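Structure, as structure tokens:
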Amino acid sequence: TFESAKDSPLAERLFSLENVETILVHEATLTVTRKDKNICDWKPLGAEVGAAVRDLLDEGGALITKKIIDEMPSQDEIQKGIQKAIDEEVNPGVAGHGGLITLQHIKGNTITIQMGGGCQGCSAADLTLKQGIHGSFRKHVPQVGAIFDETDHAAGLNPYF
């Protein structure tokens, strides 16, 4: 988020672009979400993002500062925060549909979950992941990186939808 961009030269530059809503840096991947979801032409914003990254690299600037890395919670702290989010928010929310979310793995700040019960194979599983689970996890642990769902949704026996 814009608020968490301080002390990150890359984030500060990208959030200074008019149409950038969120950014996520995960290993060698940079993901940018635009504010206006109705615009399909990514070329102008893509060019601006590319120029911002290249300019920072040309200047010798760090994409991620040592301070941000040093302030990253431990894997154990991340696991505790994510499990708290699952226990207190996520699972009570999906339980009404017979769903269950299980924390599978944590590597660094990357989270892998599995959806079970009514969530496995549900047509709204992706929406639940992106609009519900992501927000809850990031509220509890703002430093969370990528969140992956390793569920075999085709094997769902009793999907809610």
Kindly check whether there is at least one residue in segment 50-63 that is closer than 29 Å to residue 113 by Cα and either modelled with pLDDT of 90 or more or not assigned by TED's automatic domain parsing to the domain that holds residue 130 (or both). yes
Considering only residues that are touching a strand residue (DSSP E or B) at 6+ places or on another chain (Cβ under 9 Å) and within 13 Å of residue 113 (Cβ to Cβ), which ones fall in segment 79-95? 79, 82, 83, 86, 90, 91, 94
Answer yes if at least one residue in segment 127-137 is within 25 Å of residue 23 (Cβ to Cβ), surrounded by 13 or more Cβ atoms within 10 Å (Cβ to Cβ), of a type in the set (S, T, N, Q) and outside the structural domain of residue 15 (by TED's automatic domain parsing), and no otherwise. yes
Give segment 20-49 a look and list any residue that's closer than 13 Å to residue 8 by Cα and either at pLDDT 85 or above or in contact with a Leu (Cβ under 6 Å, 6 or more places away or on another chain) (or both), or say none. 23
Looking only at segment 18-39, decide whether some residue is surrounded by 11 or more Cβ atoms within 10 Å (Cβ to Cβ) and part of a helix (DSSP H, G or I). no
So the check is Cβ under 9 Å with 6+ separation or different chains; which pairs have a first residue in segment 90-115 that's more than 11 Å from residue 79 (Cβ to Cβ) and a second one that's basic (Lys, Arg) and assigned to a strand (DSSP E or B)? none
Pair list, Cβ < 9 Å and 6+ apart or interchain, from segment 117-134 residues that are free of Cβ contacts under 8 Å to residues at least 40 places away in the same chain to residues that are among the small types (Gly, Ala, Ser) and in a loop (DSSP other than H, G, I, E, B): 120/156; 121/156; 122/156; 125/156
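The values are calculated or read from the model by the stated rules, or taken from the named source; none is laboratory data. Since the model is a prediction, treat every value here as computed from it, not as a measurement. Cβ: placed from backbone, ideal geometry, glycine included. Neighbour counts: every protein chain shown.
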